[in-house]
Amino acid sequence: MASSPFKRPPRKVGSTSSADLLKDKGNPNAVIESLRQIYKNKIRPLEQTYQFESFHSSPLTDSDIAAKPMVLLLGQYSVGKTSFIKYILEKEYPGAHIDRFVAIMHGEDERAIPGNAAAVSADLPFTALTKFGTAFLGKFQVSQLNSPVLENVTFIDTPGVLSGEKQSIGRAYDFPAVVEWYAERSDLILLLFDAHKLDISDEFKRTITALHGHDDKIRVVLNKADMVSSQQLMRVYGALMWALGKVFHAPEVVRVYIGSFWDQPLQNKESEALLRAEQQDLLNDLKSLPRNAMIRKINEIVKRTRMAKVHALIISHLKSEMPSIWGKSSKQNELIEGLENEFIKIARQHKLARGDFPVPEKFKELLAEFKIDKFPKLDKKLLANVDEALTVDLPNLMQDFPQTAKAVPAVARNPFEEMGQSSPDGSRTGPPADRVWTYEYVDRSAYIKKFNECGPIEGKLSGAQLKPIMEATGFDTTLLAKIWRISDWTKDGYLDADEFVVAMWMCDVKKNGWAEIPDELPAGLVVHRKI
């Protein structure tokens with residue numbers, strides 16, 4: 001017989017080199033706090049000393065590190081970005097028809113927060129956007145609404161990328177720079193194209209170029225594919241891949257999803273099976289974001305730290321090449337002109353990968369605004385701290401945080417079975433159950449807060465984690481086993497957020513005497529959502 005999942009495994013003895021940063025190994029909240037401390041104490045000092053923000057990206061805030069997975073949508077006008085988000089949420093959000101940057105986030109009340117107010121809120125991960133000025137903030141807003149989907153992910157809707165004659169009008173802010181900022185913080189980047197018009201404008205090309213270094217996050221969506229015949233769709237797909245190859249300049253093929261992401265029936269039934277399968281693949285990709293969010297977050301910190309280290313070595317190397325008294329101006333021009341050769345020297349001296357170095361042309365433009373002789377020398381202590389973060393602290397976090405939840409044997413999937421039977425509670429009368437078994441009627445907020453406090457792994461809680469909580473209701477094991485069986489409709493031995501809400505709601509229903517627990521999951525409690 002499989003061992004019971006309801007005994008807590010013994011904890012490992014030991015600590016990271018960062019003085020017990022991770023006290024509760026595997027707990028997402030503890031991992032977030034560890035990341036904050038590692039970044040604050042070992043990485044950010046190096047970034048600040050060598051002006052990393054001026055060349056790459058602004059420092060991360062606590063809200064940045066704790067932020068939910070973010071999905072960035074980009075595309076030209078009328079490709080269906082807003083309709084795509086409404087399709088996923090199954091409802092409209094505030095400001096859905098305004099052409100601006102909109103962060104769609106979870107909130108108990110439906111409201112829109114203007115950009116200037118959102119940028120000064122410490123609770124939101126957007127304080128660094130102030131560097132783009134009021135012209136941008138006037139074109140940005142946060143839309144909050146109560147949606148179960150948004151409990152796990154945030155969507156970023158963007159203005160339509162300019163094309164044709166509109167490109168000559170320009171914007172009052174640096175659009176590619178703003179996109180780059182969001183791309184660094186996003187877990188998934190969706191480039192949407194219309195099956196009727198595949199032209200990639202100059203601004204869209206610049207926007208895609210701004211995504212350099214985030215290729216692993218990029219997916220392409222060929223939207224409105226039901227508007228063309230199967231033969232036309234095959235030609236459109238080929239033309240899209242050819243056009244993308246000219247922009248990305250990479251041998252790897254970008255994953256392209258084909259579908260029609262809106263709330264209307266498919267117009268052309270010829271390719272229905274293909275479109276349905278492709279849409280489901282994309283939904284599965286989105287669904288996996290919360291499960292893998294912590295690992296990706298650590299990965300992004302590692303990538304940023306490597307960039308910061310290389311940046312510090314570049315700055316200190318250029319400083320060391322400058323004369324102490326005469327000829328500073330001419331030497332600076334010489335170093336900037338031959339920056340590619342300096343990169344090669346630095347890579348050889350410190351055994352660095354060339355892929356970790358910035359794009360030379362862009363770095364030259366930024367470097368020309370500074371006086372190299374004013375840069376600081378190499379601080380070996382700061383560099384040692386960053387190396388320790390890269391080689392010890394961050395790998396330990398990866399090792400301590402489980403990447404997958406172990407499969408629970410079928411015999412042990414209900415933590416209240418095989419514990420001995422006891423007589424059921426006396427029945428209690430209550431009000432009619434016509435609304436009691438309706439999921440939309442349930443106030444999820446308190447349950448979700450308790451769910452997150454338990455430290456879910458891959459978005460799920462085990463029987464061992466939930467057994468004390470359910471036993472605290474005072475119900476006998478027969479009833480608890482029944483509630484677990486009904487709530488664990490995936491039959492995997494874990495409860496995800498929706499299943500947990502149903503289980504806790506059933507406990508409260510029974511405790512308050514509103515209704516008796518049914519033998520099967522009521523149809524009204526079945527959760528319907530796309531991701």
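Consider segment 489-498. How many of its residues are in contact with a Leu (Cβ under 8 Å, 6 or more places away or on another chain), in contact (Cβ under 8 Å) with a residue 60 or more places away in the chain and open to solvent by less than 30 Å² (accessible area, probe 1.4 Å)?
The total comes to 0.
Considering (1) modelled with pLDDT under 90; (2) touching a Pro at 6+ places or on another chain (Cβ under 8 Å), say which one His311 fails and leave the rest.
Unmet for His311, out of (1) modelled with pLDDT under 90; (2) touching a Pro at 6+ places or on another chain (Cβ under 8 Å): (1).
If you check Ser316 against the conditions, is it in a helix (DSSP H, G or I) and open to solvent by 70 Å² or more (accessible area, probe 1.4 Å)?
no
Being part of a strand (DSSP E or B), within 24 Å of Leu283 (Cβ to Cβ) and of a type outside the set (A, V, I, L, M) is the filter here; which residues of segment 105-121 pass it?
If the condition is that a residue be part of a strand (DSSP E or B), within 24 Å of Leu283 (Cβ to Cβ) and of a type outside the set (A, V, I, L, M), then His106 is the only one that fits.
Are any residues in segment 233-263 farther than 18 Å from Ser83 by Cα, in a loop (DSSP other than H, G, I, E, B) and open to solvent by 60 Å² or more (accessible area, probe 1.4 Å), and if so, which ones?
Listed by number, the residues that qualify are His249, Pro251, Glu252, Val253, Arg255.
Does Leu289 count as at negative phi, touching a Pro at 6+ places or on another chain (Cβ under 8 Å) and not in a loop (DSSP other than H, G, I, E, B)?
Details: at negative phi: yes; touching a Pro at 6+ places or on another chain (Cβ under 8 Å): yes; not in a loop (DSSP other than H, G, I, E, B): yes.
Yes.
Among the residues of segment 328-379, how many are open to solvent by 40 Å² or more (accessible area, probe 1.4 Å), over 18 Å from Arg306 (Cβ atoms) and of a type in the set (Gly, Ala, Ser)?
Residues meeting the conditions: 3.
Taking segment 64-104, which residues are open to solvent by 50 Å² or more (accessible area, probe 1.4 Å), part of a loop (DSSP other than H, G, I, E, B) and over 17 Å from Lys287 (Cβ atoms)?
Scanning segment 64-104 gives Tyr77, Ser78, Lys91, Glu92, His97, Ile98, Asp99, Arg100.
Search segment 205-231 for residues that are modelled with pLDDT of 85 or more and pair each with any residue that is loosely packed, with under 14 Cβ neighbours inside 10 Å and among the basic types (Lys, Arg) when their beta-carbon atoms are under 8 Å apart and the residues are at least 6 apart or on different chains.
Arg219/Arg255; Val220/Arg255
If we scan segment 268-276, do we find a residue that is open to solvent by 80 Å² or more (accessible area, probe 1.4 Å), assigned to a loop (DSSP other than H, G, I, E, B), at pLDDT below 95 and within 24 Å of Glu90 (Cβ to Cβ)?
Within segment 268-276, one or more residues are open to solvent by 80 Å² or more (accessible area, probe 1.4 Å), assigned to a loop (DSSP other than H, G, I, E, B), at pLDDT below 95 and within 24 Å of Glu90 (Cβ to Cβ).
Can you say whether Val310 is touching a residue at least 60 places away in the same chain (Cβ under 8 Å) and either closer than 30 Å to Tyr494 by Cβ or assigned to a helix (DSSP H, G or I) (or both), as far as the supplied structure shows? First the steps, then the outcome.
On the way: touching a residue at least 60 places away in the same chain (Cβ under 8 Å): no; either closer than 30 Å to Tyr494 by Cβ or assigned to a helix (DSSP H, G or I) (or both): yes.
Judged against the criteria, Val310 is not a match.
Search segment 66-86 for residues that are within 28 Å of Ile295 (Cβ to Cβ) and pair each with any residue that is open to solvent by 50 Å² or more (accessible area, probe 1.4 Å) when their beta-carbon atoms are under 8 Å apart and the residues are at least 6 apart or on different chains.
The qualifying pairs are Ala66/Arg36; Lys68/Asn152; Pro69/Asn152; Pro69/Arg296; Phe84/Trp262.
May I ask you to say which residue of Ile457, Ile483 is modelled with pLDDT of 90 or more, aliphatic (A, V, I, L, M) and surrounded by 16 or more Cβ atoms within 10 Å (Cβ to Cβ)?
Ile483
From the residues in segment 499-531 that are among the charged types (D, E, K, R) and open to solvent by 20 Å² or more (accessible area, probe 1.4 Å), which one is nearest to Leu289 (Cα to Cα)?
If we take residues in segment 499-531 being among the charged types (D, E, K, R) and open to solvent by 20 Å² or more (accessible area, probe 1.4 Å), then Lys530 is nearest to Leu289 (Cα to Cα).
The values are calculated or read from the model by the stated rules, or taken from the named source; none is laboratory data. The model shown is predicted, which means the values in this text are computed figures rather than measured ones. Heads up, the Cβs are rebuilt from the backbone with ideal geometry, glycines too, and the neighbour counts pull from every protein chain shown. Side chains are part of the model used for accessible areas, which takes the heavy atoms of the whole protein and leaves out ligands, DNA and RNA. Shrake-Rupley method; radii C 1.70, N 1.55, O 1.52, S 1.80 Å.
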